[in-house]
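A.B. asks: I'd like to ask you about the structure that follows.
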């Protein structure tokens, strides 16, 4: 099984890889997982980043019935993205890509959706047919 990116964490045959490919095509960048090494030798894994470090992507791929633990994981990913934007000199665009079941936590009437908008995080849902839908601009 081949893996992409410097972390070797995402298999080419996986939903995660398909999500990264779809977001990359939409944004006209090539995305790969990478471990960033920050000041103080702090290591942080990101699920998608382009060569210029202008786009950061976190994926929420949990399938099956959505649970509060999945929502909490997505919120932790949002927090990580915002923090990384503050410490990286490139001030990257932030993107969350959710599997369809997890998108219910980011409907317009939910606080995570409003928080993502306020923090300038683009939230996309990855549909079963491979299409993307922007949930929050």
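A.B. asks: Taking the Cα-to-Cβ direction at residue 18 and at residue 87 and moving 7 Å from each Cα, how far apart do the two end points lie in nm?
C.D. replies: 3.3 nm
A.B. asks: Which of 87, 82 comes first, and how do the rest follow, when ranked by fewest Cβ neighbours within 10 Å?
C.D. replies: 87, 82
A.B. asks: Still on this structure, I have one more. In what order do 12, 53 fall by count of nearby beta-carbon atoms within 10 Å, going from fewest to most?
C.D. replies: Ascending number of Cβ neighbours within 10 Å: 12, 53.
A.B. asks: Can you sort 79, 106 by how many other beta carbons sit within 10 Å, fewest first?
C.D. replies: Exposure proxy ranking, most exposed first: 79, 106.
A.B. asks: Still on this model: Pop a pseudo-label 7 angstrom from the Cα along the beta-carbon direction at both residue 107 and residue 79 and give the gap in nm to one decimal.
C.D. replies: So the label points at residue 107 and residue 79 sit 2.6 nm apart.
A.B. asks: Classify region 22-137: rounded, prolate or oblate, from the alpha-carbon gyration tensor (a ≥ b ≥ c, eigenvalue square roots; a/c under 1.5 rounded; otherwise prolate if a/b is larger than b/c)?
C.D. replies: Prolate, because a/c is 1.5 or more and a/b exceeds b/c.
A.B. asks: Another one. In nm, to one decimal, how far is the residue 100 label point from the residue 133 one, both placed 7 Å along Cα→Cβ?
C.D. replies: 0.9 nm
A.B. asks: Express in nm, to one decimal, how much length is gained between residue 115 and residue 38 on full extension, taking 0.36 nm for each residue of separation and deducting their alpha carbon distance.
C.D. replies: Length gained, residue 115 through residue 38: 25.1 nm.
Bear in mind that the values in this text are calculations on the coordinates, not laboratory data. Not measured: the values here are computed from a predicted model. Every residue, glycine among them, receives a Cβ derived from its backbone with ideal geometry; neighbour counts consider all protein chains shown.
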